[in-house]
Each structure stands twice: as structure tokens, then as C-alpha cells.
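So the structure is just underneath, and the comments pick up after that.
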Amino acid sequence: MIAVVVNGVSYERAVEPRMLLADFLRYELSLTGTHVGCEQGVCGACTVIMNGDSVRACLCFAVQADGAEIETVEGLGTVDDLNPLQQAFQEHHALQCGFCTPGMLMTGVDLLRKYPLATDREIREGLSGNLCRCTGYEHIVRAIRSVVGRSVVGRSVAGHER
Amino acid sequence: MKPPAFEYLAPRTLEQAVAALGAEDAKILAGGQSLVPMLNFRLLAPSLLVDITRIPGLDNVDDWDGGLRIGALTRHHALETSPLVRDRFPVLHAAMAEVAHLAIRNRGTIGGSLCHGDPAAELPGMVVLLDAQLQTTQRLIPAAEFYDGTLSTVLGADEILTDIMLPALPPGTGWGFEEFARRSGDFALAAVGVLIGGEVRIVAIGANEKPIRLLNAEALFNDASDIDAVAEAAGKEVSPEGDLHGSAEYRCHLVKVLTRRALRAAWERTS
């Protein structure tokens, strides 16, 4: 039996040791905002935030998350009340098909919290572990650039504000 | 792409972990950033994973007689941002910036990277360059004797790496680290680390089956006027294998060029 807090909600579930955190979120908790792309840690689509750090949910077993606090894209904002970073993605056309977007957003949140992101090079380096096949990245970089220095931590992560 | 079934234990002490590793086909799980992809690909099918990350006290970076003692469970991001690492071993600080991507650095551990032993990974090369001593649950192993081949160490099945000790560098040691990868954060096609202090040390990463010191090249170095000759020798001293990312000849060329750059940087940083 494991206990996790996801987007502020506590869950307890019995899981098989081999269940990946990404599958746990999607199948056990029905939080399908976390996307599964490569399942080998290359594409970054499944990135979530665990205890304040972005992690690949495909490279972590649910049992390893026992006791952890997790943030997923569902915790950032809602369709009617977007988080500033989500708003920026919309304004800067930083998504097309949307498959990579949850991972881009969660990576972006962690980058914005941890690094000054003074240059676009820093943003590009920070995003280098997330693949997007539509946008060519330029608009994603612009979207993140536009919110550097603004509070984008989101409702669910107030406890982690740094 | 789902891992095969396995049993899972998360012991709270090293003794419990060592005992659990007595089981046939047991594997240690630390950050999981190399192991879990291999499980997802089903390249491995261990009967038991022993998650050592719940064992307290193995993730500190502390003074060690002017050098540093680094707990094996220290995450890459903690090393990347450690003021002690930046001040005492700037070459390691520089190398950490090239290790994978943020989400991987948040999870991956120095002990995991060292024990996985990818020849193109930065940390195995760094411990060889810095002449580290590796403390396990059984013995102390010099970094230069830790690898016996690609992805292979001298560790026993129930032996756990616990601490990495980096001896202090002589004051004024110059350093250089140069890496070439296809994409920021990817494994190196080749990388070279250099120290110029009491002696000159040159280590090539990604060029042989394990990180190696280039002793022939080192022996040619006296001062900046030797840099081109040393670089030439370095390119001849490695024996890489070609793959789809680059031919053996190309990698030798990379080692030559990266050695030249790293030596120049190290020479300029000596004081």
C-alpha cells in the first residue's frame, strides 16, 4: 500500500512494484494529463513534479513515490483559470498537437523555480530533455521567456514556493 | 515497454540492504535513471529490486580533509548546485552541467552513475580524473581500479558503494573540461578532463570501454608550448569503437581537439 498526495489530494492504493508512476497517475488516479511518449526517459512528455523536483514519471515506480507530494499538469490551472505559464503558452502559440505540452509545462515550472533563465540559451538547455515535433521550440522558449520573473508556481504548489 | 515483474524492498539500513542483496538476481535501485529504462526495454529481469534511497545519511556532501566526501545517494542536481563542489572541484562542477537533463539530474545519483559505469558518462571519468577513493560496504577502492570493462565494475553482488572521497587538489590547480555531444544533455561522443596542478592529468571519456587516463600524452606535457603535441598524442592513445553516432576515426579526432581545448583552459587557470 502506498500513500501519495497529488495536486493536494491524498490517495492510498495497493500497487504492483513494477507499476510506473506515469501509469499509476493515468490508470489508478485517472489523471490522464500526464502523457506517456517513449517510456525510456528521452521525450519528457511524462514529466511531473515530485517533492518539488521535476522527474520522468516513466523512470520512477509508483512504490518509489510512497509518501511523496506530486504535482501534475492538472494542478497548474483549469480551462477557465489558466496558470500564467499556460496562458503564455496559449498567447505565444507554444503548442500545436499538445502531446508534449504537459511535460513542457511541468519542466518549465521547475526551470522557472530553479534557474534565473537570464538568457534564451539557458531556457533552451533546460528544455533540451523535452521533445516537441510541432513547434520547432521557438514559441515555447518565447512563452517561458515572457513569464520569467513572474510567479507561475500555480495553486497546487504554494507550499513549495521558493 | 513495461518492466517485467519483480519483488521490491526498501530497507532502512545498509545491513538490511546487504542481506537483501543475497537473493539471486537482486539489483540495487537508487535514482533509477539508467536501470528503469533497461527494465522498460526488458534488457534485465531481476527477481528483486532493493531500493536503497530510504537509507538515511548517504546523500551528504561534507569536508574530507580539505577535499570532499560525497554520499553515494547524492543526486546530480545537488552536486551541480553544491557550493563546496563549485569551490573545491570546479572541474566537477563544470562536468555536472553536461549531465543529462534537469529531470534526470533531479533523480539520478552519483553512486548510481558510477556503478552503472557507462563509458560515455561524465561522473565515471571525473572520479578517475580526481583520483577518488570509493568506499563500499566492504572495502576502499581507488577509482582507477573500479571498472573492469563497459558497464562493469569490480563490485560484488552484495557490495554497496556508500561514499566517494575526493582528495584535495593542490592550491592553484588549473582545470579544463570539454565535451562534445549531439544534443545538450546527451551522452558524450567524447569528453576530456584535464588538471594541471602538482602533476598533469588527462582523462578521456567515451573513447574506450571505460574512462582512461592518457599517460603517454601526460608525459609529454611541460608547459603551454607542448599543448599541440600532447593533443596529437592523446588522439592516438585512445581506441574508440565506431557506431552510428560517429566513426572511430572521428572520435579520435574529437579527443585530440577536446584535449587541446581543455589543456589550454587548464593552463590559463593555473596560478
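The values are calculated or read from the model by the stated rules, or taken from the named source; none is laboratory data. Model, not experiment: these values are computed from the prediction. Cβ sites come from the backbone with ideal geometry, for glycine too, and all protein chains shown count toward neighbours.
Could you say whether any residue in the stretch B:18-27 is outside the structural domain of B:P119 (by TED's automatic domain parsing) and closer than 29 Å to B:D186 by Cβ?
Within the stretch B:18-27 (the criterion being outside the structural domain of B:P119 (by TED's automatic domain parsing) and closer than 29 Å to B:D186 by Cβ), the answer is yes, since at least one residue qualifies.
Residues being within 23 Å of the chain's Cα centre (by Cα) and surrounded by 14 or more Cβ atoms within 10 Å (Cβ to Cβ): count how many of those fall in the stretch B:33-43.
7
Is there a residue in the stretch A:124-137 that is of a type in the set (D, E, K, R), more than 22 Å from B:H77 (Cβ to Cβ) and not assigned by TED's automatic domain parsing to the domain that holds A:V15?
yes
Go through the residues of the stretch B:72-80 one by one and say whether even a single one is within 20 Å of A:A68 (Cα to Cα) and part of a loop (DSSP other than H, G, I, E, B).
yes
Restricting to the stretch B:93-104, give me the number of residues that are more than 9 Å from chain A (Cβ to nearest Cβ) and of a type outside the set (G, A, S).
Selection size over the stretch B:93-104: 4.
Considering A:V63, A:V79, which residue is among the β-branched types (V, I, T) and surrounded by 18 or more Cβ atoms within 10 Å (Cβ to Cβ)?
A:V63 is the lone residue from the list that is among the β-branched types (V, I, T) and surrounded by 18 or more Cβ atoms within 10 Å (Cβ to Cβ).
Report whether or not B:R75 is surrounded by 20 or more Cβ atoms within 10 Å (Cβ to Cβ) and not hydrophobic (A, V, I, L, M, F, W, C).
yes
Looking at the stretch B:25-59 only, could you name the residues that are under 26 Å from A:G44 (Cα atoms) and in contact (Cβ under 8 Å) with a residue 60 or more places away in the chain?
Once the filter is applied, which keeps residues that are under 26 Å from A:G44 (Cα atoms) and in contact (Cβ under 8 Å) with a residue 60 or more places away in the chain, the stretch B:25-59 yields B:I28, B:A30, B:G31, B:G32, B:Q33, B:S34, B:L35, B:I52.
For the stretch A:37-49, how many residues meet the condition of being surrounded by fewer than 22 Cβ atoms within 10 Å (Cβ to Cβ) and facing chain B (nearest Cβ under 9 Å)?
Summing the residues that are surrounded by fewer than 22 Cβ atoms within 10 Å (Cβ to Cβ) and facing chain B (nearest Cβ under 9 Å) in the stretch A:37-49 gives 3.
Among the residues of the stretch B:233-262, write down those that are farther than 20 Å from B:N216 by Cα and part of a helix (DSSP H, G or I).
B:Y250 - this is the single residue of the stretch B:233-262 that is farther than 20 Å from B:N216 by Cα and part of a helix (DSSP H, G or I).
With B:L58, B:L68 as the choices, which residue is part of a loop (DSSP other than H, G, I, E, B), away from chain A (no Cβ under 14 Å) and not acidic (D, E)?
Going through B:L58, B:L68 in turn, the sole match is B:L58.
Table: residues versus (1) under 13 Å from the mean Cα position of the chain (by Cα); (2) part of a helix (DSSP H, G or I).
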residue: A:F99; (1), (2): yes, no
residue: A:G103; (1), (2): yes, yes
residue: A:M106; (1), (2): yes, yes
residue: A:D110; (1), (2): yes, yes
residue: A:L117; (1), (2): no, no
residue: A:G136; (1), (2): no, no
residue: A:I140; (1), (2): no, yes
residue: A:S146; (1), (2): no, yes
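Take A:D23 and tell me if it is within 14 Å of chain B (Cβ to nearest Cβ), assigned to a helix (DSSP H, G or I), out of contact with any Ser or Thr (no Cβ under 8 Å at 6 or more places or on another chain) and of a type in the set (D, E).
For A:D23, the condition - within 14 Å of chain B (Cβ to nearest Cβ), assigned to a helix (DSSP H, G or I), out of contact with any Ser or Thr (no Cβ under 8 Å at 6 or more places or on another chain) and of a type in the set (D, E) - is met.
Being of a type outside the set (A, V, I, L, M), modelled with pLDDT of 95 or more and surrounded by fewer than 19 Cβ atoms within 10 Å (Cβ to Cβ) is the filter here; which residues of the stretch B:149-161 pass it?
Across the stretch B:149-161, the qualifying residues are B:S152, B:G156, B:D158, B:E159.
Counting just the residues of the stretch B:182-197 that are in contact with a Ser or Thr (Cβ under 6 Å, 6 or more places away or on another chain) and within 17 Å of B:L129 (Cβ to Cβ), which one comes out nearest to the other protein chains (Cβ to nearest Cβ)?
By that ranking, first place goes to B:V192.
A quick yes/no check of all residues on (1) in contact (Cβ under 8 Å) with a residue 12 or more places away in the chain; (2) more than 30 Å from B:T53 (Cα to Cα); (3) in the same structural domain as A:R113 (by TED's automatic domain parsing); (4) in contact with a strand residue (DSSP E or B) (Cβ under 8 Å, 6 or more places away or on another chain):
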position: A:R56; (1), (2), (3), (4): yes, no, no, yes
position: A:V63; (1), (2), (3), (4): yes, no, no, yes
position: A:D66; (1), (2), (3), (4): yes, no, no, yes
position: A:I70; (1), (2), (3), (4): yes, no, no, yes
position: A:V79; (1), (2), (3), (4): no, yes, no, no
position: A:Q90; (1), (2), (3), (4): no, yes, yes, no
position: A:A94; (1), (2), (3), (4): yes, yes, yes, no
position: A:C100; (1), (2), (3), (4): yes, no, yes, no
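Name the residues in the stretch B:7-49 that are facing another protein chain (nearest Cβ under 9 Å) and β-branched (V, I, T), would you?
B:V36
Can you tell me which residues in the stretch A:3-20 are touching a residue at least 60 places away in the same chain (Cβ under 8 Å), assigned to a strand (DSSP E or B) and surrounded by fewer than 19 Cβ atoms within 10 Å (Cβ to Cβ)?
Matches in the stretch A:3-20: A:A3, A:V5.
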